[in-house]
Amino acid sequence: MIQVEDLYKKFGKNEVLKGLDLNIDKGGIFAVLGPNGSGKTTLIKSILGMVVPNKGSIAVSGISIKKNWKYRHEIDYLPQIANFPGNLKVKELIRMIKDLRQMPSEEERLIELFQLEPFLNKKLATLSGGTKQKVNIVLAFMFDCPLLILDEPTTGLDPASLIHLKALIQQEKNRGKTILITSHIMHFVAEVADEIIYLLEGKIYFKGTIEQLKTKTNQTDFEHAISAIASTPTDA
Amino acid sequence: MLKILKYSFYDLIRSRWSYVYFLFYLLLGFVLLFLNNDVSKAVITLMNIIIVLVPLIGTIFGVMYYYNSKEFTELLLAQPIKRSSIFLGQYLGVAGSLTLSLVLGLGIPFVLYGLFKSDAIFDFSLLLVTGAFLTMIFTALSFNIALSNENRIKGFGYAVLLWLFLAVIYDGLFLMSLIVFKEYPLDSFSLAATMFNPIDLSRTLILLKLDISALLGYTGAVFKQFFGTNQGLIISMLMLTLWTILPIWRLVFKSKKKDF
Amino acid sequence: MRYLPTVFLLLFLKTFLWAKTTPICSDCEVKSILEGVQRASDFDTLLIKNGTYKEFNILIDKPLTLLGENYPIIDGEDQGEIIRIVSDNVTIDGLFIINVGTSYTTDYAAIRVVKSENYLIQNVVLEKLFFGIYLEKSNNGKVYHNKIIGDAIDEYNSGNGIQLWYSHNVVVDRNIVQGVRDGIYLEFSDNVTINNNTSANNLRYGLHFMFSNDDVYTNNVFENNGAGVAVMFSKRIKMIGNTFRKNWGTAAFGMLLKEINDAEISGNTFEENTIGINIEGSNRIEYTNNNFIKNGWAVKVLGACYTNTFTKNNFLYNSFDISYNSKLNDNVFDQNYWSDYTGYDLDKNGVGDVPYRPVKLFSYIVNKTPETIVLLRSLFMDIIDFSEKVSPVFTPDKLLDANPLMKKAL
């Protein structure tokens, strides 16, 4: 599904990715974790083509993404901070994204699920953070793409919506999709993730299941395992 | 690209500022024509305004739109759309809506005044064409500045400085160099210096219509060739086109390399 | 002596009773004009029928009328002068004269009048000429409704359309002159009236005065000449209601005044000339009710010019209204309309409440460094001009119109 080879990225003098290799060839939920500034968002944005790597190659579904944009038809993306053009109405935004992607979509079901009907005719600038995030989720889940990238999907969500979100993620997983998630909420990660991809200093420090992680760090608690991993000598 | 253009364009057409811009020109056109009742004078006044104001508005609007639509841009970047399409679409949306405001805002009063029967129609069309070119050029320049500066305040500052430089300072330096080196033959130099500033270029284009009598008073052969024949018009138009294409090209080029 | 009136009467009657009309054509008894003139008696009419007459040096030494029928062509074949009139009371009417000889030593003319009076030259068409109609020390004549079409390229080997030299009291009316050196040229000719002529596309001047006084020209059109009208070293010329258009070029003027005194210039229109009026060393001239429209410079003042007054003129859309090359000003501008005037009229008396300064600093700069003309109408120049307007440093500070009109003067 995703092949990343020897990826380097510098912002000014700040080297964020230093020869990152990643290979995801099956479906499932992959949590991309790491301390702040470890390059999670950079990795995701590189896969999306929003960040142009200095070196290395990325392939999605076997196609190199360099000088290519059509592969993004395969990706649904939920950005970290839901910043939308403020003077658009929710309805218009959804219609616009549909118009831009020209794919079959199922936004009605999602709108109903997250109870967004009352907001459809409101301008995005007037919405609260949580509502914006719901709109964000609708936009990300309404198409049927084999790769789903969720950057901090839980931000601002109320408990009910969080449950809906988890259900949605499971549902997509069951359809055989590959889902990349970043999150700071470890309960959430522990609950949904099949595999952990841990980034440290611009490289993959650990890749494996939660169980493997716990074994490796000799911790019983996932959260402790995560915080301990950085101090554990690597054998990967 | 057309879709992005469409959305940017609609977005702008609905925004308050486009209306303000449009109404400003509409009002200006009506005041100039119907209070003054003098097409020739109106054209001269308009020229002064177009040369100064259109670049300023294009610059400020361009920078403002770019920074304000950052979210929109990022949303689009994750979509299966070519990068150049996103930026070209947005650019054309801004430049297009500004041009439309200008052309309609000034065009309507002039048409109502009965311009088609007046012999000032050619001067006036030239004015609008020049205004359109200036809008395209300065919006493109401001997009370039915004693209290269993450910091809004810096970007805004640079854009206004660029305008100030091209609208006023450049001519001041130009004049000083002409006076300092007046012992030398300067006609090629002065024409070349004109070419490197789109505002001067547009001004020259309009001078060709309004002040040809004065321009032909100068003795230099290069001047005579330039102003006395169609050469001046053709070269100026070509240069303006080049001035439009180059920043757009850089915009596309830079946007491909930029990280978001 | 008592019989003298009777003798005159008889002579007069003889003139009319015995005066006869002789037809000239290729089939007639008289086949050439020269022959016709030689055989004619005083006051005869030679009726020249349609056809081509290859003749030159036709000397008319008696009072005759040469009347062309359907414009007969007199082809001089570039041999020299074609018609020379040395007698009073000669009329030339309806001829088509072509191919006057060109010479660097002699001013060959299509029709030359020498020391004669009461002549009338009308309805004549001249083409391919050197000089057209040349009046030499010939007073009291009329040149009416002729058409002179030259093909002059260089000044040095071309002549003038209508030239007056020491010829007084002549009327030049309704002629069309184009493509020669000077359309109409006057030298030492006083009391000449020049009306309703069109002088266009001439190499040098449409109309040119030298050392000629008390002349009047009205309602003429001067277009696209090297310069419209040049008035030099002359006095008391009246210039009324003429149009000066599109005289474009480095040294092109609608009107050039040089060493002129006491003239009156009113009701003229100067449109799209590089310089509307160029004034050098001219005094006591009154400019009233003229229109200066879209000229490069409406009025350019060089050298010492004193006590000229400009009143009720319209200065419309000129690149520069007035240009001075000195700080001295002894001329008066009053109650003119300036399209560049931006003042206001709070008391609604039709006169602006702040004076207008017609001389811009930029015109001063352009005089010094001509290339700066490309900066015309730039914002920078406007700023500079504005500061000069507020506190004049380089331009004559007393040069202003204290009563600028708010509406065009009629």
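Laboratory data are not the source of any read-out in this text; all were calculated from the coordinates shown. Since the structure is predicted, the reported quantities are computational estimates derived from the model, not experimental observations. With ideal geometry, Cβ positions are generated from the backbone for all residues, glycine too; neighbour counts draw on all protein chains shown.
In this structure, the amide hydrogen of A:Lys55, modeled 1.01 Å from its nitrogen in the peptide plane, lies closer than 5 angstrom to those of A:Tyr8, counting only residues at least 5 positions away or on a different chain. Other residues with beta-carbon under 12 Å from the beta-carbon of C:Asn118 carry, at +1 per Lys or Arg and -1 per Asp or Glu, a net charge of -1. Placing +1 on the Cβ of every Lys and Arg and -1 on the Cβ of every Asp and Glu, with nothing else charged, gives the range A:2-229 a dipole about its Cα centre of roughly 820 debye. Which of B:Pro185, B:Ile108, B:Ile137 sits farthest toward the positive end of the charge dipole of the range B:2-257, with +1 on the Cβ of Lys and Arg and -1 on the Cβ of Asp and Glu? Checked the options; the winner is B:Ile137.
Under 15 Å between C-alpha atoms is the cut-off here; go through the range B:2-257 and count lysine pairs that meet it, provided they're at least eight residues apart or on different chains.
Pairs that pass both the separation and distance tests number 6.
Each peptide in B:77-88, A:164-175 was scored by the mean count of other Cβ atoms within 10 Å over its residues; highest first, the order is B:77-88, A:164-175. Membrane-span-like helices in chain C, defined purely by DSSP H runs whose alpha carbon atoms cover 15 Å or more axially and whose average Kyte-Doolittle hydropathy reaches 0.5, are C:4-18, C:379-390.
A simple spin-label model places pseudo-atoms 7 Å from Cα toward Cβ; at C:Leu328 and C:Asn157 they are separated by 4.5 nm.
Each label point was placed 7 Å from the Cα along the Cα-to-Cβ direction; for A:Lys89 and B:Ala120 their separation is 4.3 nm.
Over all pairs of different C-alpha atoms in the range B:80-127, the reciprocal of the mean inverse distance, the Kirkwood hydrodynamic radius, equals 12.7 Å. Convex hull of alpha carbon positions in the range C:226-410: directionally averaged projected area 9.7 nm².
The Cβ shell under 9 Å around C:Asn57 holds other residues with a net charge of -1, Lys and Arg each +1, Asp and Glu each -1. Converting phi to 3J(HN,Hα) with the Karplus coefficients 6.51, -1.76 and 1.60 and the offset θ = phi - 60°, the range C:188-199 yields 6, 10, 10, 6, 9, 10, 10, 10, 6, 8, 10, 10 Hz in sequence order, with x at every glycine or proline. Restricting the trypsin sites (Lys or Arg not before Pro) of the range B:131-191 to loop positions (DSSP other than H, G, I, E, B) with no more than 15 neighbouring Cβ atoms within 10 Å leaves B:Lys182. The modelled label-to-label distance between A:Gln170 and C:Asp382, using points 7 Å beyond Cα along the C-beta direction, is 7.0 nm. Once you have the alpha carbon radius of gyration of chain C, what is it after dividing by 2.2 N^0.38 Å, with N set to its residue count? Normalised Rg, Cα atoms only: 1.19. How high is the FRET efficiency between C:Thr106 and C:Asn367 when r is their beta carbon distance and R₀ equals 45 Å, given to the nearest 0.05? After rounding to 0.05, the efficiency reads 0.60. Ratio of Rg to Rh for the range A:2-229: 0.97 [Cα atoms; Kirkwood radius as inverse mean 1/r over pairs].
Students often get this wrong: which residues of the range C:295-333 have the backbone nitrogen under 18 Å from the point 7 angstrom along Cα-to-C-beta of C:Glu286? Flagged as within label range: C:306-314, C:331-333.
Name the long-range amide H neighbours of C:Val30: under 5 Å, sequence gap of 5 or more, or other chain; modelled H, no Pro or chain starts. When sequence neighbours closer than 5 places are left aside, the close amide H contacts are C:Cys25. What the Cβ-Cβ distance of B:Arg250 and B:Ser177 gives, at R0 = 30 Å and to the nearest 0.05, is a FRET efficiency of 0.65.
The trypsin sites (Lys or Arg not before Pro) found in the range A:1-95 that occupy coil by DSSP, while having at most 14 further C-beta atoms within 10 Å, are A:Lys13, A:Lys26, A:Lys66, A:Lys67.
Under 5 Å from the amide H of C:Thr22 lie the amide H atoms of C:Thr45, C:Leu46, C:Leu47, each residue being 5 or more positions distant or on a separate chain, with H modelled from the backbone and absent for Pro and chain starts. Number of Lys-Lys pairs in the range A:75-180 with C-alpha atoms under 22 Å apart and a separation of 8 or more places or on different chains: 23. Each residue of the range B:208-217 was assigned a 3J(HN,Hα) from its phi angle through the Karplus curve 6.51 cos²θ - 1.76 cosθ + 1.60 (θ = phi - 60°); the sequence is 4, 8, 7, 10, 4, 4, 6, 4, 6, x Hz, with glycine and proline shown as x.
Using the number of other C-beta atoms within 10 angstrom as an exposure proxy, rank B:Tyr10, C:Tyr287, C:Tyr341 with the fewest first.
B:Tyr10, C:Tyr341, C:Tyr287
Sorted fewest first by neighbouring Cβ atoms within 10 angstrom, B:Val103, C:Val393, A:Val51 come out as C:Val393, B:Val103, A:Val51. For the range A:14-103, just say rounded, prolate or oblate: build the C-alpha gyration tensor, square-root its eigenvalues into a ≥ b ≥ c, call rounded for a/c under 1.5, and beyond that prolate if a/b exceeds b/c, oblate if not. Taking the square roots of the gyration eigenvalues as a ≥ b ≥ c, the range A:14-103 is prolate.
What separates the Cα centres of the range C:207-238 and the range C:63-119 is a distance of 25 Å. In order along the range C:298-315, the Karplus-derived 3J(HN,Hα) couplings, from 6.51 cos²θ - 1.76 cosθ + 1.60 at θ = phi - 60°, round to 5, 9, 10, 9, 10, x, 7, 10, 10, 6, 8, 10, 10, 10, 6, 9, 9, 10 Hz, and Gly and Pro are given as x. With a 10 Å cut-off around each Cβ of C:361-369, the average count of Cβ atoms from other chains is 2. FRET efficiency for the B:Val111 to C:Cys25 pair, using the beta carbon distance and R₀ = 56 Å, is estimated at 0.30. Rounded to two decimals, the Cα radius of gyration of chain B over 2.2 N^0.38 Å is 1.08. Using only the C-alpha atoms, the convex hull of the range C:184-336 corresponds to 82 Å³ per residue.
Rg and Dmax over the alpha-carbon atoms of the protein assembly as shown stand at 42.9, 162 Å. When +1 charges are put on Lys and Arg Cβ atoms and -1 charges on Asp and Glu Cβ atoms, the dipole computed for the protein assembly as shown relative to its Cα centre reaches about 2640 debye. Each of C:Thr106, A:Thr178 has some number of other Cβ atoms within 10 Å of its Cβ, and from fewest to most they run C:Thr106, A:Thr178. This model, with +1 at the C-beta of Lys and Arg and -1 at the C-beta of Asp and Glu, gives the range A:117-236 a dipole about its Cα centre of some 360 debye.
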